[in-house]
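The values are calculated or read from the model by the stated rules, or taken from the named source; none is laboratory data. Remember, predicted model here, so these are calculated numbers, not experimental data. Here the Cβ is made from the backbone with ideal geometry for all residues, glycine too, and neighbour counts use every protein chain on show.
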Amino acid sequence: MAIPTSLAGTGVEPMVHRVDARWTMAYAASIGDHLPVYLDTTRPGGVVAHPLFSVCPEWPVIVRARQLSTEAGVSAEEVRTGVHATHDVVIHRLIRPGDVLTTSLETSGVVDIKPGAMTTTRLQTTDADGSPVATTTQNGIYLGVHTTGEDRPDPTPPPPIPGSDRQGEPQRIDVAIDAGAAHIYTECARIWNPIHTDKAVALAAGLPDIILHGTANLAHGVSAVVEHRADGRPALVRRLSCRFKAMVRLPSTVTILIWPANDTGDGLRTVPFEVLNTDGAPAVEDGLAVLGEPAVDS
């Protein structure tokens, strides 16, 4: 079989999630981020969610889209070849407990590249007033499975991030990843994919063992950026982008590299970063965090 490019332009029914403090605090704790802004419910204004928390309400919508692919003739075996390749999220504001979020999804592009079919997915998360909260564009690749039909690229890709050059020496932060980290992240983020928790499924998928979620690796990098380049203020994170590459096996240690910030001259700063696995290979490659004062602080 092959991935039909006719999937481009299709979407699924939006999903609604009610966010509570239990969920947001558990997410931060699952990646070992104990900043009071995430956990201290006595602070003025209450707690906020980690900047990458948007992946939590997005996951069930992505699962629903996979079911749409199956209805279009993509086999379950082909679906399992899909990997999360890139992630780009614009954070309009941090998510808070009490938010009622609606997340929609559109497959905005399907093209054939050397490794296989590449799909572009755009997810929009809005609050109860319809105001934007997060806009995510991510690419997935069906490894070894190609397309049928003419390429249909994403007509409105995210604009490039200026000031992405790496200058100076990076700061190095080592983070120990426990043997149960994937199980903890799965339950706290509410992102369930058995390759991260079930060794038999991981081996059947061609993996050496269960591996840590790509978004967990990214979240560790973002936490380091917030602590070391944003004065512990997650509200400064306006956009994040990266490529997912190498696996992080469990237990292990990851090394986060954070380069000095680049001032882009428009009130924003761009911070390049990477997350390396224990072999020194980039699990999160070409990471970029855009920092700037939000319209309303959190």
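Taking ASN193 and the conditions (1) of a type in the set (S, T, N, Q); (2) under 18 Å from the mean Cα position of the chain (by Cα); (3) within 30 Å of GLU77 (Cα to Cα); (4) modelled with pLDDT of 95 or more, which numbered condition does it fall short on, given that it satisfies the others?
Only one criterion in (1) of a type in the set (S, T, N, Q); (2) under 18 Å from the mean Cα position of the chain (by Cα); (3) within 30 Å of GLU77 (Cα to Cα); (4) modelled with pLDDT of 95 or more is unmet by ASN193, namely (4).
Taking the condition of being within 15 Å of THR81 (Cα to Cα) and either of a type in the set (Lys, Arg) or in contact (Cβ under 8 Å) with a residue 60 or more places away in the chain (or both), how many residues in the range 196-213 meet it?
Residues in the range 196-213 being within 15 Å of THR81 (Cα to Cα) and either of a type in the set (Lys, Arg) or in contact (Cβ under 8 Å) with a residue 60 or more places away in the chain (or both): 1 in total.
Strands (runs of 3 or more DSSP E) wholly in the range 23-134 with at least 3 residues that are buried (at least 22 other Cβ atoms within 10 Å of the Cβ) - which ones? Step through it out loud before you land on a result.
Working: elements: 82-91, 100-113, 116-126.
Of the strands (runs of 3 or more DSSP E) lying wholly inside the range 23-134, those with at least 3 residues that are buried (at least 22 other Cβ atoms within 10 Å of the Cβ) span 100-113, 116-126.
Pick out the one residue from THR137, THR156, THR126, THR147 that is touching a helix residue (DSSP H, G or I) at 6+ places or on another chain (Cβ under 7 Å) and of a type in the set (S, T, N, Q). Reasoning before the result, please.
Numbers: THR137 fails: touching a helix residue (DSSP H, G or I) at 6+ places or on another chain (Cβ under 7 Å); THR156 fails: touching a helix residue (DSSP H, G or I) at 6+ places or on another chain (Cβ under 7 Å); THR126 fails: touching a helix residue (DSSP H, G or I) at 6+ places or on another chain (Cβ under 7 Å).
Every option except THR147 fails the conditions.
Identify the residue in the range 264-288 that is modelled with pLDDT under 95 and either small (Gly, Ala, Ser) or closer than 9 Å to GLY163 by Cα (or both) and, among all such residues, is surrounded by the most Cβ atoms within 10 Å (Cβ to Cβ). Give the steps one after another, and end with the answer.
Just the residues of the range 264-288 that are modelled with pLDDT under 95, to begin with: 264-267.
Checking which are either small (Gly, Ala, Ser) or closer than 9 Å to GLY163 by Cα (or both) leaves us with 264-265, 267.
On the way: THR264: 16, GLY265: 8, GLY267: 9.
Ranking the qualifying residues of the range 264-288, first place goes to THR264.
I'm trying to understand the selection: among the residues of the range 146-179, which are in a strand (DSSP E or B) and surrounded by 14 or more Cβ atoms within 10 Å (Cβ to Cβ)? Don't jump to the end; show me each part of the working.
Taking the range 146-179 and keeping what is in a strand (DSSP E or B), we get 147-148, 152, 171-177.
Scanning the range 146-179 gives THR147, THR148, ARG152, GLN171, ILE173, VAL175, ILE177.
What residue, of VAL271, VAL275, VAL225, is hydrophobic (A, V, I, L, M, F, W, C) and either touching an Asp or Glu at 6+ places or on another chain (Cβ under 8 Å) or in contact (Cβ under 8 Å) with a residue 60 or more places away in the chain (or both)? Can you show your working first?
Numbers: VAL271 fails: either touching an Asp or Glu at 6+ places or on another chain (Cβ under 8 Å) or in contact (Cβ under 8 Å) with a residue 60 or more places away in the chain (or both); VAL275 fails: either touching an Asp or Glu at 6+ places or on another chain (Cβ under 8 Å) or in contact (Cβ under 8 Å) with a residue 60 or more places away in the chain (or both).
Only one candidate passes the filter, namely VAL225.
Tell me which residues, restricted to the range 1-37, are over 19 Å from VAL61 (Cα atoms) and touching a His at 6+ places or on another chain (Cβ under 6 Å).
Within the range 1-37, ALA2, ALA28, ILE31 meet the criteria.
Could you give me the residue pairs with C-beta distances under 9 Å whose first residue belongs to the range 151-162 and is within 10 Å of ARG122 (Cα to Cα), whose second residue is assigned to a loop (DSSP other than H, G, I, E, B) wherever it lies, and which are 6+ apart or on separate chains?
ASP154/ALA8
Based on what the data block shows, is ALA205 under 21 Å from ALA281 (Cβ atoms), surrounded by fewer than 19 Cβ atoms within 10 Å (Cβ to Cβ) and not aromatic (Phe, Trp, Tyr)?
Values: under 21 Å from ALA281 (Cβ atoms): yes; surrounded by fewer than 19 Cβ atoms within 10 Å (Cβ to Cβ): yes; not aromatic (Phe, Trp, Tyr): yes.
Judged against the criteria, ALA205 is a match.
Quick check on the range 261-275. Is at least one of its residues under 25 Å from PRO132 (Cα atoms), assigned to a loop (DSSP other than H, G, I, E, B) and basic (Lys, Arg)?
No, the range 261-275 contains no residue that is under 25 Å from PRO132 (Cα atoms), assigned to a loop (DSSP other than H, G, I, E, B) and basic (Lys, Arg).
Collect the residues in the range 250-260 that are crowded, with 19+ Cβ neighbours inside 10 Å and either assigned to a loop (DSSP other than H, G, I, E, B) or charged (D, E, K, R) (or both), keeping them in residue-number order.
Scanning the range 250-260 gives a single hit, TRP259.
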